[in-house]
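Down below is the structure, laid out as structure tokens.
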Amino acid sequence: MDGLSFSVPDNATPLRVVIVHWNQPEDCIRTVARFGDREVPVRVSVVDNASDPGRLAELRKGLDGLRADW
């Protein structure tokens with residue numbers, strides 16, 4: 001951001017992000033991960049839209065792996 005800077009207060013209210021998922025766990029996990037290292041605090045919710053059980057299990061495992069980094 002050419003010459004622009006800003007600071008976010010430590011007690012800033014997180015930006016709420018809702019991601020709808022359906023049978024694409026790899027893409028969803030990558031999308032959620034992109035929100036993890038931002039200047040603005042975020043709170044990400046993933047809503048599943050009746051994915052196949054195996055794909056949902058992949059998503060849950062991947063998201064659990066991200067939690068350690070946040």
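The values are calculated or read from the model by the stated rules, or taken from the named source; none is laboratory data. On a predicted model such as this, the values are computed, not experimentally measured, just so you know. Heads up, the Cβs are rebuilt from the backbone with ideal geometry, glycines too, and the neighbour counts pull from every protein chain shown. We work out accessible area using only protein heavy atoms, side chains counted, and drop any ligands, DNA or RNA first. Shrake-Rupley method; radii C 1.70, N 1.55, O 1.52, S 1.80 Å.
If I take every Cα pair under 8 Å that is 6 or more residues apart in the chain, average their sequence separation and divide by the length, what percent do I get for the relative contact order?
Details: 67 pairs, mean separation 26.8, N = 70.
With pairs under 8 Å counted, the relative contact order is 38 percent.
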Name the residues whose placed amide hydrogens come within less than 5 Å of the amide hydrogen of residue 51, ignoring near sequence neighbours (fewer than 5 apart) on the same chain. 23
Taking amide hydrogens as modeled 1.01 Å from N in the peptide plane, which residues meet the under 5 Å criterion relative to residue 42, leaving out close sequence neighbours? 15
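Can you give the accessible area per residue of the chain, in Å², using a 1.4 Å probe?
Here the per-residue accessible area is 80 Å².
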For segment 25-30, take each phi angle, set θ = phi - 60°, evaluate the Karplus expression 6.51 cos²θ - 1.76 cosθ + 1.60, and give the result in whole Hz per residue in order, putting x for glycine and proline. x, 4, 5, 5, 5, 4
Tally up the carbon and sulfur contribution to the accessible surface of the chain as a whole percent, 1.4 Å probe, everything protein left in place. 51 percent
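Per DSSP H run of at least 4 residues, take -39500 (n - 2.57); add these up for the chain, divide by its residues and hand me the 222 nm value, nearest 500 deg cm²/dmol. Walk me through the numbers before you get to the answer.
Numbers: 2 runs with 25 residues, N = 70.
Value at 222 nm, helices only: -11000 deg cm²/dmol.
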According to a simple spin-label model (label point 7 Å from Cα along Cα-to-Cβ), what is the distance in nm between residue 7 and residue 56? 4.6 nm
At 1.4 Å probe size, what's the solvent-accessible area of residue 42? Round to the nearest 10 Å². 30 Å²
